[in-house]
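Just below is one structure, and these are the notes that go with it.
What follows is calculated from the coordinates using simple rules that are stated; it is not laboratory data. Keep in mind it's a predicted model, so treat the numbers as computed, not measured. Note that we place each Cβ from the backbone using ideal geometry, even for glycine, and neighbour counts take in every protein chain shown.
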Amino acid sequence: MSGRVWRALVGLVLISLVAACVDVTVAPTPPPGSPSRPSDSAALPSPNLTPVPPGATATIEADLRAQIDAVTSAMPAIRQLSATRDVPYQFITRDQFSQDLVDLNNQETSPEVQAAQERLLKRLGLLPPDADLQALLLQLYTAQVAAYYRPDTKTFYIIARDQPFGPTDEVTVAHEYTHALQDMHFDLEGSRIADPSEGDAALAQLAVIEGDATLASQIWMLQNLTLDQMLQMLNESLGEVDMQQLASMPPILRRELEFPYTDGLTFVSDLYCGQPSCLGTGDWQPIDDALVTPPASTEQILHPAKYGVDQPVPVDLPDLSSKLGAGWSRTLTQTLGELDIQVLMAGAEAPAEVLPGLPVAWPHSDAAAGWGGDRLAMYEGPNSAWLIDWQTAWDTPTDAQEFFARVNVVKSLFQGVTEDAIQSKIVRMVIASDSSLLPVGGLAASQ
């Protein structure tokens, strides 16, 4: 088999796994100090299996344990991170996962913030007016997630399927166990971003975590699976992908779901071997460094050369609460970042459909390139009135002009009325439920 055909097959397997074996972890902020490097011969404690899938016998339990142990025992040497503790793993039902997801979501974000996030996305035209954000996320993740690691319980969970435990499951285990190794050395729970207003930075950091685990599981796959097994995995994975459901999802949700795996893999591969995709031996130290000092924005994931070089520009917005008057309050602040602005700039134009996991060329993405920083604040007041104050900073005046021109096209999709202004590398936009509120945004003062 030619190297080109082999690489093509590996690529198809990987992109199918991105869509069918998505997992859930938590994004970190840099912990103090750097982790120590492990030795290649570090011994792996035996993990614990509790419980086995419904109806499994003791013999099946032993077989499953042997299969999982064979994968996990290989990962410390592959990932170059020693195992410092046992890692429990459990099989759960998809219904159990759905409830777990709801509970985790409610713990992380208050219902008030979740509702405000939904209203913001609708007002920016990124969600249909009648959409239920929590229900959409639950539907999306429940259908696509195959396994997940929880740093708070130090356990990874495999969602039981009605198929024999095979190559697809083994690659998923390799991915999840890599998260456990990350947690041992980089404290995923203790260092994560908990501030819901820092969504762009959190998504960038998640891309390092997921890209790292995807790369490690890719290497395990290449070292341990036969061609027939990879073909089997490809067939299984593509069979599990609900393409119709993915296609029906609002683009912003699908993009944020796939980004940590697709773009994250490209980013860490560049750190590992200097290429967007590589099958040979590389260096894990730069990836360790990125876990300690994560990219500060999705821009740095989308453009790896900017990592550590092009830092986001701080954008300070005035608090308009008192200016808006009695009964008004600021209900949400957020940084959209290049990734979400990329989706916003596409407007009603959908990107060309590709197989899940392949990089997507977003229409008008050049209008989001050159992002320097942004900050958005949403205010809400009496009689369902609202105002969004959004300021973006750009690398050059030309970048600002490109964004300004495009946002004036897509703003027809926004709810409410708008006013905007541009000055050199700064663009500021006010979106409001009523034109009488626009002067309160004070755009004239920014000229």
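Observations on the structure shown:
- Label-to-label distance for Ser329 and Gln90 is 3.6 nm, based on points extended 7 Å past Cα in the beta-carbon direction.
- Approximate spin-label separation Asp289-Asn106, in nm, with each point projected 7 Å along Cα-to-Cβ: 4.4
- Charge-dipole axis of the range 322-442 as Lys and Arg at +1 and Asp and Glu at -1 on Cβ define it, positive-most pick from Pro382, Ala393, Ala348: Pro382
- Cross-link partners for Lys306 among the lysines, with Cα-Cα distance under 26 Å and sequence neighbours closer than 8 places in the same chain left out: Lys425.
- Taken over the range 321-446, the ratio of Cα radius of gyration to 2.2 N^0.38 Å equals 1.13.
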